[in-house]
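Here the structure comes first, spelled out in structure tokens, and everything after it is commentary.
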Amino acid sequence: MRLGLGIGPLGPPGGDMIVQLAKEAESLGYDTIWCPEIYGADCFTPLAWIGANTERIHLGTSIMQISARTPASSAMHAVTLDYLSGGRLRLGIGVSGPQVVEGWYGQPYPKPLARTREWIQIFRDVVRREKPVEFEGKHYQLPLDGGMGLGKPLKLILHPLREEIPLYLGAEGPKNVALGAELCDGWIPMFLSPYKMDQLYGESLKHKRPHFDIAASVPVIVDDNLERALLQIKQNIGFYVGGMGAKNFNVHKDHVCRMGYESAADRVQELFMSGRRDEAFRAVPDELADEVSLVGSKDRIKDRLQAWEESPVTSINVGSRDADTLRFMAETCL
């Protein structure tokens with residue numbers, strides 16, 4: 001089992017916090033440090049900052065939103081960071097949701113699976129640098145179909161350090177996961193239960209690529225007060241199920257429903273959207289919060305790690321900034 005670490009918010013201006021966190025993770029043997037992208041900080045700049053101050057730890061985007069950049073622009077970002085870091089980039093991508101894609105980036109959201117497939121093909125073609133890139137799809141055209149009619153096929157000027165940059169897909173729905181298993185090198189799941197992987201994703205993962213890395217984001221809280229620890233997890237789940245989506249379109253809520261918590265998810269969303277957030281958080285079932293996290297005493301976490309080790313998960317991305325917790329996980333898993 002490999003360990004990764006998500007850096008979360010950047011902390012005070014200057015970047016010292018994320019650099020120290022990355023150095024600590026690197027010294028403990030963590031494999032990758034992952035940087036998110038929502039609608040605040042981008043995911044590449046912090047990784048460049050970290051990469052300049054570390055030597056070995058891989059640099060992962062978790063996740064780069066494909067609507068934020070064209071495939072060619074994304075490839076330029078990825079190739080440059082991989083080049084400067086000595087081949088340490090792992091590019092996690094995802095489609096986000098319509099609220100962000102259409103509300104923030106001003107791009108259309110429909111047909112996310114087809115759009116992702118086209119995006120990956122163009123990205124791979126740019127990085128391979130075999131010939132000038134031409135692509136005629138429903139979502140992307142290179143050169144553009146229209147405009148001044150003067151576009152020409154181009155080939156990346158910078159010679160990439162590697163012909164393939166590892167691609168990870170952030171996804172929750174079975175069809176999205178199946179697409180990632182087919183086309184990508186890894187999957188970054190959110191709110192994953194090691195107890196229900198075969199039930200939810202057995203078919204999706206049946207034809208995964210060789211050496212496919214399942215890098216699960218897992219909050220870890222060492223606290224002898226289990227109720228207090230679970231409440232922190234419930235707050236995070238409640239925020240995504242209740243507020244990260246519209247009432248009739250929320251992929252996180254849909255995922256929780258598939259896990260068997262449909263009535264609870266409906267209640268959480270209802271409370272959250274009526275402004276009763278504290279009640280919404282407490283309405284998240286303890287069982288749900290417990291199965292997607294590692295919380296409690298150290299002995300309890302060690303016991304519950306067995307389910308993760310017996311699952312298809314190959315990497316745990318530890319959700320914690322506590323140095324003692326990072327060391328405990330390294331001592332336990334590595």
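The values are calculated or read from the model by the stated rules, or taken from the named source; none is laboratory data. This one's a predicted model, so the numbers in the text were calculated from it and none came from an experiment. Here Cβ is always computed from backbone atoms with ideal geometry, including for glycine, and neighbour counts include all displayed protein chains. These area figures cover heavy atoms from the full protein model, side chains too; ligands, DNA and RNA do not enter into them. Shrake-Rupley method; radii C 1.70, N 1.55, O 1.52, S 1.80 Å.
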Q.
Before I look further, what does region 1-136 give for accessible area per residue, probe 1.4 Å, in whole square angstrom?
A. 44
Q) What is the spin-label model distance, in nm, from D299 to E331 if the labels are put 7 Å beyond Cα along the C-beta direction? A) 1.6
**Q.** Within straight-line cross-link reach of K302, aspartates and glutamates at Cα separation under 16 Å, skipping those fewer than 8 residues along the same chain
**A.** D223, D224, D290, E291, E310, D324, E331
Q | Angle between the chain longest axis and helix 71-84 axis [Cα atoms, degrees, rounded to 10] | A | 80
Q. Given 0.36 nm per residue, what is the gain on full extension from E227 to E130 after removing their alpha carbon distance, in nm?
A. 29.3 nm
Q. Between P166, P210, P46, which gets the highest mean-square fluctuation from a Gaussian network model of the chain, Cα cutoff 10 Å?
A. P210
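Find, among the chymotrypsin sites (Phe, Trp or Tyr not before Pro) in region 39-133, those assigned to loop by DSSP (not H, G, I, E, B) with at most 13 other beta-carbon atoms within 10 angstrom.
Numbers: sites: Y39, F44, W49, Y83, W104, Y105, W119, F123; in loops: Y39, W104, Y105.
Sparse-neighbourhood loop chymotrypsin sites (Phe, Trp or Tyr not before Pro): Y39.
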**Q.** the chain, helix-only ellipticity at 222 nm - DSSP H runs n ≥ 4, -39,500 (n - 2.57), divided by all residues, nearest 500
**A.** -13000 deg cm²/dmol
**Q.** Within region 87-127, backbone nitrogen closer than 19 Å to the virtual label 7 Å beyond the Cα of D145 toward Cβ
**A.** 108-123
**Q.** For Cα extents along the principal axes in Å, calculated from these coordinates, the label among (i) 62, 54, 36; (ii) 63, 48, 37; (iii) 64, 45, 42
**A.** (iii)
(Q) 5 Å is the cut-off here: which amide hydrogens, built 1.01 Å from N in the peptide plane, fall below it relative to I93, excluding neighbours closer than 5 in sequence? (A) M64, Y168, L169, G170
Q: Sequence neighbours fewer than 8 away in the same chain don't count; with that in mind, list the lysines whose C-alpha is under 26 Å from K111.
A: K138, K175, K206, K208, K247, K253
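Below 8 Å between Cα atoms, with a sequence gap of 6+, how large is the relative contact order for the chain in percent?
18
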(Q) Please compute the contact order of region 39-165 in relative form: average sequence separation of alpha-carbon pairs under 8 Å and at least six residues apart, divided by the residue count, as a percent. (A) 25
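Of the trypsin sites (Lys or Arg not before Pro) in region 212-251, which ones lie in a loop per DSSP and count no more than 12 other C-beta atoms within 10 Å? List each step's numbers first, then the result.
Working: sites: R228, K234, K247; in loops: K247.
Qualifying residues, ordered by number: K247.
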**Q.** Pairwise centroid distance, computed over Cα atoms, of region 151-209 with region 242-303, Å
**A.** 25
Q) How big is the gap, in Å, between the Cα center of region 24-43 and the Cα center of region 57-94? A) 13
Q. What's log10 of I(q)/I(0) for region 1-119 at q = 0.18 Å⁻¹, Debye sum over Cα points only, no solvent?
A. -0.92
**Q.** Percent of Cα pairs exceeding the 16 Å cut-off, where the set is region 129-233
**A.** 72
Q) Nearest 10 degrees, 0 to 90: what angle lies between the long axis of helix 112-128 and the longest principal axis of the chain (Cα atoms)? A) 60
Q. Which value, in Å² rounded to 10, gives the accessible area of L5 with a 1.4 Å probe and all protein chains present?
A. 0
Q. In the full protein assembly as shown, how much of K253 is accessible to a 1.4 Å probe, in Å² to the nearest 10?
A. 20
Q) Which cross-chain or sequence-distant (5 or more) residues have an amide H under 5 Å from the amide H of G296, H modelled 1.01 Å from N in plane? A) I221, D223
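When ranked by the protection proxy of mean other Cβ atoms within 10 Å per residue, highest first, what sequence do the peptides 23-31, 236-244 form?
Values: 23-31: 18.4, 236-244: 21.9.
Packing proxy ranking, top to bottom: 236-244, 23-31.
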